[in-house]
1. Taking the condition of being open to solvent by 60 Å² or more (accessible area, probe 1.4 Å) and within 30 Å of K41 (Cα to Cα), how many residues in the stretch 216-241 meet it?
2. Looking at the stretch 64-84, which of the residues that are of a type outside the set (A, V, I, L, M, F, W, C) and surrounded by fewer than 19 Cβ atoms within 10 Å (Cβ to Cβ) is nearest to S104 (Cα to Cα)?
3. Considering F88, F148, F64, which residue is of a type in the set (F, W, Y), touching a strand residue (DSSP E or B) at 6+ places or on another chain (Cβ under 9 Å) and farther than 20 Å from L235 by Cα?
4. Looking at T174, T178, T166, can you tell me which residue is surrounded by fewer than 23 Cβ atoms within 10 Å (Cβ to Cβ), more than 12 Å from T26 (Cβ to Cβ) and at pLDDT below 85?
5. Given (1) part of a loop (DSSP other than H, G, I, E, B); (2) open to solvent by less than 50 Å² (accessible area, probe 1.4 Å); (3) more than 21 Å from K66 (Cα to Cα), identify the lone condition not met by P154.
Amino acid sequence: MRTIKLSGLFIAAAMIAFSCNKPTETVETTEAQEVAAAEGKTLEIVPTETTIAWRGYKPAGQHFGKIPAVEGTLAVQGEEITGGKFTFDITGLKIEDMQETDESYGKLWGHLQSPDFFDAANYPQATFEITDVEPFSAGDVIEDKEQFVTDNTPKAASEITPENPTHWISGNLTMRGTTKNIKFPAAVSIENGAVVAKAGFNIDRTAWGLAYGDEATAVDKAKDKFIYNTVSLELDVKAVD
């Protein structure tokens with residue numbers, strides 16, 4: 001595995017993919033890869049400061065919230081990251097665009113937990129495990145690509161990617177019993193024995209079997225009867241000795 005040089009630098013996220021007849025900008029997704037051997041010192045994540053922020057889109061609106069961390073580690077050798085694994089609690093998912101006391105909150109939360117989406121009864125956790133790291137070169141470009149336009153077109157890569165990318169991160173993301181390797185940039189810094197990492201990227205939810213309202217099956221998009229396959233994720237991780 002190539003390692004990350006941590007001398008106060010930042011990593012950010014990039015993406016490419018497809019949706020219906022027009023390309024979207026989701027992360028590069030492949031089959032699961034061999035996990036990197038974690039060497040050096042093991043840091044423990046701070047669960048209260050480690051989350052995945054999510055945002056889903058449909059022509060008529062958006063929903064967003066967070067998924068909390070359960071546990072995780074980050075391996076560091078000198079000023080290099082050599083591995084890491086993070087586990088997130090799908091059953092602890094929060095919706096932040098409505099009040100928990102609203103009836104609609106309970107309905108949406110239950111739908112997201114159901115087999116239409118995460119199937120949390122059978123797959124209550126999601127994990128991300130680092131498999132590779134490579135430098136972000138000066139010539140690398142994060143492109144904003146065309147998507148089907150509505151009042152709630154998914155955010156572009158440039159809107160959610162941290163500034164000044166320095167490396168590409170690859171890792172196995174497991175949700176709903178399916179593991180896919182994704183590649184993106186993230187922003188990483190080390191200070192006073194703590195590692196802080198941030199990333200923002202889009203995924204195609206259907207690659208993990210979250211296919212309810214799949215926009216690829218929308219016969220007439222003018223009727224707005226679909227949910228965008230693109231989901232925006234923003235990852236925040238803090239790990240300490």
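The values are calculated or read from the model by the stated rules, or taken from the named source; none is laboratory data. Source: prediction; values computed, not measured. Neighbour counts run over all protein chains shown; Cβ positions are idealised from the backbone, glycine included. Quick note on the areas: whole protein, heavy atoms, side chains included, nothing else; ligands and nucleic acids left out. Shrake-Rupley method; radii C 1.70, N 1.55, O 1.52, S 1.80 Å.
1. Residues flagged as open to solvent by 60 Å² or more (accessible area, probe 1.4 Å) and within 30 Å of K41 (Cα to Cα) within the stretch 216-241 amount to 2.
2. Taking the candidates together, the pick is K66.
3. F148
4. Residue meeting the stated conditions: T166.
5. Evaluating P154 over (1) part of a loop (DSSP other than H, G, I, E, B); (2) open to solvent by less than 50 Å² (accessible area, probe 1.4 Å); (3) more than 21 Å from K66 (Cα to Cα) leaves (3) as the failure.
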